[in-house]
Amino acid sequence: MTIGRTRSTNNGYRRFRRSTVAVLGVLALAAAGLGAAAVLRGPKLDAGSVNAQSVISRAGQKLVLHADQALAPVDASQVEVTPATPFTVESTGPDVQVTFTGVLDYATAYSIRVDDVEGSATGLRGALDFDFTTPDVDVTTLLRRGGFAAGADKPSDQIVRSALTAGDGAGSEVVFEAPRIQQFQVVPGALAVVELDEQGASTLVVSVEGADGASTGGTVFTPAGGRIQNLHASVSAGLFGYTVNGGADAVTGREYQNTLFVFDPRSVSGKAEEVAGFGGEPLRVVDWQFVPGSSSIVAQSTDQQLYLLDPIGGAEPVPLGQHAEMRDFLAGGLQLVVADPAGTSTIDLSTGQVAPLVQSAPEVDPALYPGTIVTLASGATVRQYDEVDYSSAAPVQQSQIVYADDTGTRELYRPASAGARIRGFCVSPNGQYLAVETIASGAVTDGYPLPGYSEMTTTFVQIATGTVTRSVPGFLPDWCA
């Protein structure tokens with residue numbers, strides 16, 4: 001009996017070993033098959049990254065696609081971006097880097113496809129697909145309510161924030177109120193407002209948002225009797241700048257004449273700093289702007305000389321030559337447009353090179369009166385024209401904005417209401433939209449030093465199509481200031 005049990009036990013062990021070996025063999029074959037499948041597979045996207053906020057504000061931003069294996073070199077012919085936008089391509093190892101040479105559109109879904117990518121180790125091919133959506137942006141406007149000389153019952157002026165692509169049915173948010181607002185500017189987390197009293201004296205008030213979301217405001221010191229004008233902002237650097245004309249220094253008695261100041265709302269000093277000329281000498285400024293994407297400044301002095309200034313680092317000014325008019329920067333770049341009697345040109349601030357600017361001339365009725373002109377990065381021009389009757393109490397009868405490029409001229413925008421006219425317009429920072437300030441028929445001036453009119457609206461127009469996205473109350477959109 002003992003011998004029988006031993007033989008039975010041994011047979012059981014042998015059957016167990018055979019079963020175990022068979023199972024392990026199947027698992028090994030399966031693992032080998034999976035490994036081979038992993039190795040013998042075309043490239044796939046492992047991850048993609050892009051700063052969606054940066055691509056709508058600056059040219060030259062990058063999108064990186066990371067594949068699951070090293071790739072053979074990829075060229076631009078394999079890459080498709082929808083909607084179409086200019087780009088360049090580089091590839092290294094498993095990464096494909098797409099650089100957008102221009103600025104992308106707001107609130108737009110983009111798709112990137114890289115076809116026929118080849119694994120450098122396997123020789124097998126695949127495709128990489130990546131989608132992202134750029135954010136919408138807010139635009140802030142000034143809604144004046146009642147004339148400057150109105151009495152104590154005058155409603156407060158308001159600063160109003162609206163989403164760009166939300167449509168006409170969307171609401172707007174009041175972010176600041178004061179009895180009389182001359183102008184304003186916005187940077188992330190801070191708002192600067194030039195307020196006026198009943199006599200027209202100006203005060204600069206800055207409101208800063210804290211970590212808890214609550215805002216605290218304070219008055220920035222300026223010389224008594226000085227007029228605060230030409231308020232601008234650097235969104236990227238978080239700085240405000242403005243000029244002071246009139247008033248005197250309490251210590252030296254020096255009188256301020258179109259003196260440029262820069263204010264950092266998060267500075268512990270709470271003081272605005274004067275932007276000086278050569279050797280720290282006072283600089284009288286007739287026009288100025290922040291350089292896009294930086295804290296640097298371009299300013300024009302009273303002798304028409306342009307300077308590149310560094311208000312933070314304190315370096316000596318860099319002369320840029322004399323020019324009759326300083327206009328604006330081409331969207332997304334560092335090319336400043338300047339105008340002279342001999343023509344229009346650009347100054348590339350990265351190199352200092354001056355080049356003639358080839359502009360498309362609109363073909364319109366010669367009886368129309370030309371107004372503001374803006375040149376786009378493509379060389380196309382956008383210009384306002386007014387129909388004028390000087391025998392009328394309101395000479396401007398109608399306004400229109402036209403677009404001209406090398407294919408011809410087309411009307412881009414005309415106010416829908418009869419008798420409405422255009423106060424002014426500007427181009428969005430990414431070059432996609434116009435912000436058009438419209439004055440209703442029969443509107444009256446509000447009597448402010450920086451004048452507006454009753455019943456003003458700002459309308460957003462897509463430059464590519466002429467489509468009106470929405471209209472919002474007020475004027476002086478922060479794009480234009």
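The values are calculated or read from the model by the stated rules, or taken from the named source; none is laboratory data. The model shown is predicted, which means the values in this text are computed figures rather than measured ones. No Cβ is skipped: glycine too gets one built from the backbone with ideal geometry, and neighbour counts run over all protein chains shown.
General observations
- Among the residues of the stretch 292-311, those that are surrounded by fewer than 17 Cβ atoms within 10 Å (Cβ to Cβ), assigned to a loop (DSSP other than H, G, I, E, B) and either free of Cβ contacts under 8 Å to residues at least 60 places away in the same chain or touching a helix residue (DSSP H, G or I) at 6+ places or on another chain (Cβ under 9 Å) (or both) comprise THR302, ASP303, GLN304, ASP310.
- Residue within the stretch 404-412 that is small (Gly, Ala, Ser), in a loop (DSSP other than H, G, I, E, B) and assigned by TED's automatic domain parsing to the domain that holds CYS426 present: no
- Extreme residue, surrounded by the fewest Cβ atoms within 10 Å (Cβ to Cβ), among residues of the stretch 62-86 that are more than 22 Å from THR133 (Cα to Cα) and of a type in the set (D, E, K, R): ASP75
- Of the candidates GLN185, GLN158, the single residue that is farther than 29 Å from LEU334 by Cα, among the polar types (S, T, N, Q) and not assigned by TED's automatic domain parsing to the domain that holds GLU437 is GLN158.
- Among residues of the stretch 190-213, those that are within 22 Å of the chain's Cα centre (by Cα) and either exposed (fewer than 15 other Cβ atoms within 10 Å of the Cβ) or closer than 19 Å to PHE475 by Cα (or both), counted: 4
- Checked against (1) surrounded by 20 or more Cβ atoms within 10 Å (Cβ to Cβ); (2) on the phi > 0 side of the Ramachandran plot, GLY442 passes all but condition (1).
- Residues located in the stretch 336-371, provided they are surrounded by fewer than 20 Cβ atoms within 10 Å (Cβ to Cβ) and not in a loop (DSSP other than H, G, I, E, B): ALA339, ASP340, GLY343, THR344, SER345, ASP348, VAL354, ALA355, PRO356, TYR369, PRO370, GLY371
- Residues in the stretch 427-468 that are part of a strand (DSSP E or B) and among the hydrophobic types (A, V, I, L, M, F, W, C): VAL427, LEU434, ALA435, VAL436, ILE439, MET456, PHE460, VAL461, VAL468.
- Residue ID - nearest to THR133 (Cα to Cα), chosen from residues in the stretch 40-61 that are among the aliphatic types (A, V, I, L, M) and surrounded by fewer than 18 Cβ atoms within 10 Å (Cβ to Cβ): ALA52
- Some residue of the stretch 277-291 being without any contact (Cβ under 8 Å) to a residue 24 or more places away in the chain and among the aliphatic types (A, V, I, L, M): no
- Residues in the stretch 214-268 that are under 24 Å from VAL291 (Cβ atoms), surrounded by 14 or more Cβ atoms within 10 Å (Cβ to Cβ) and among the charged types (D, E, K, R): 1 in all.
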